1. Look at segment 83-110 and say how many of its residues are in contact (Cβ under 8 Å) with a residue 40 or more places away in the chain and not in a loop (DSSP other than H, G, I, E, B).
2. Would you confirm, using the coordinates I've provided, whether residue 187 is modelled with pLDDT of 95 or more, under 19 Å from residue 145 (Cβ atoms) and either open to solvent by less than 60 Å² (accessible area, probe 1.4 Å) or of a type in the set (Ser, Thr, Tyr) (or both)?
3. Where residues in segment 10-42 are buried (at least 16 other Cβ atoms within 10 Å of the Cβ) and charged (D, E, K, R), which of them is farthest from residue 71 (Cα to Cα)?
4. Out of 256, 263, I need the residue that is surrounded by fewer than 19 Cβ atoms within 10 Å (Cβ to Cβ) and polar (S, T, N, Q). Which one?
5. So residue 51 fits all but one of (1) modelled with pLDDT of 95 or more; (2) touching a Ser or Thr at 6+ places or on another chain (Cβ under 8 Å); (3) farther than 16 Å from residue 124 by Cα; (4) among the hydrophobic types (A, V, I, L, M, F, W, C); what number is the exception?
6. Quickly run through segment 107-123 and pick out the residues that are farther than 15 Å from residue 58 by Cα and surrounded by 20 or more Cβ atoms within 10 Å (Cβ to Cβ).
7. State the number of residues belonging to segment 43-59 that are crowded, with 24+ Cβ neighbours inside 10 Å and in a loop (DSSP other than H, G, I, E, B).
8. Looking for something of a type in the set (A, V, I, L, M) and surrounded by fewer than 15 Cβ atoms within 10 Å (Cβ to Cβ) - is there at least one such residue anywhere in segment 66-81?
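The values are calculated or read from the model by the stated rules, or taken from the named source; none is laboratory data. Every value quoted in this text rests on a predicted model; they were computed, and no experiment measured them. Note: ideal-geometry Cβ built from the backbone for every residue, glycine included; neighbour counts use all protein chains shown. Heavy atoms of the whole protein, side chains included, go into the accessibility calculation; ligands, DNA and RNA do not. Shrake-Rupley method; radii C 1.70, N 1.55, O 1.52, S 1.80 Å.
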Amino acid sequence: SWGRNNSGQLGDGTTTDRNLPGPVQLPTGVTFTQVDASASHALATGSDGQAYAWGRNNGGQLGNGTTTGSAVPVQVQAPAGVSLSGLSAGDLAYALGIGSDGNAYAWGAQSAGLLGNGTGVGSTVPTPISTPAGVTFTQVSAGLVHALALGSDGNAYAWGNNVWGMLGNGTNTSSSVPVQVLAPAGVTFTQVSASGTNSFALAANGDLYAWGSNASGQFGNGDTTGSLVPVQAYASAGVTFTQVSAGGNYSMALGSDGRVYASGTNSAGQLGDGTTTDSQGPVQVQLP
């Protein structure tokens, strides 16, 4: 890990920033198989089947039953007999994961209904997300004020704040439990990614869809018009896609041609095309 470390989010036992990669202090005998980071805390899946977290813990986002931060990984207190994987860290002091028992779990602060259980009460340990009848969640993505999940039925589900329409259900009404994203007829999804103001999903046929705010052109469809339901994104790239990641006012996708495409705000060079010029359509990242 590397970067800012004011809350111990680098997991190296210190709060000292560093600009080169250094090792996270792994628990004895454990290696990590998946990691995810927010602004001030991080998560990892261990080789022992346990989830670990470190960094800031003001909302209980470390999931260890306390609100005390930690500069080294601590074990997330999953329910007995349940292991957590597919972890996703949210910037608004919460976290998500997929349980081995078929439930999806959330923990941390309950701002905007982000724990997805309809209660309005935060939790310092993982609690089940309210899943629709007959559906299990296979992937979760924690955005800033909303969250997404991929259902076993091929539908996407969303919950939390909906001021920009990022729940994708045709309204601006927020929800503290998952609601189904209104996919176009015949479209099923295989991956979802949530950002601060919008949502992206990868369809089974390799097309990309986006909904919510498009104020910076992050949909990559040539304009800045947002949508309350999924619309096709990045169509002008002329390729299909295998992965998508929604960033802060920009987005990136991995093409079937092995190239990376990006669209939206580029003030800090985040589109990787050698410029700082914003783009409303997909540009190719300059690969080595």
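1. Matching residues across segment 83-110 total 16.
2. Considered against the rule, which asks whether it is modelled with pLDDT of 95 or more, under 19 Å from residue 145 (Cβ atoms) and either open to solvent by less than 60 Å² (accessible area, probe 1.4 Å) or of a type in the set (Ser, Thr, Tyr) (or both), residue 187 comes out as no.
3. 36
4. 256
5. Of (1) modelled with pLDDT of 95 or more; (2) touching a Ser or Thr at 6+ places or on another chain (Cβ under 8 Å); (3) farther than 16 Å from residue 124 by Cα; (4) among the hydrophobic types (A, V, I, L, M, F, W, C), only one is false for residue 51: (3).
6. Of everything in segment 107-123, those that are farther than 15 Å from residue 58 by Cα and surrounded by 20 or more Cβ atoms within 10 Å (Cβ to Cβ) turn out to be 112, 113, 114, 115, 116, 117.
7. Here the count works out to 1.
8. Checked against the condition, which is being of a type in the set (A, V, I, L, M) and surrounded by fewer than 15 Cβ atoms within 10 Å (Cβ to Cβ), segment 66-81 yields at least one hit.
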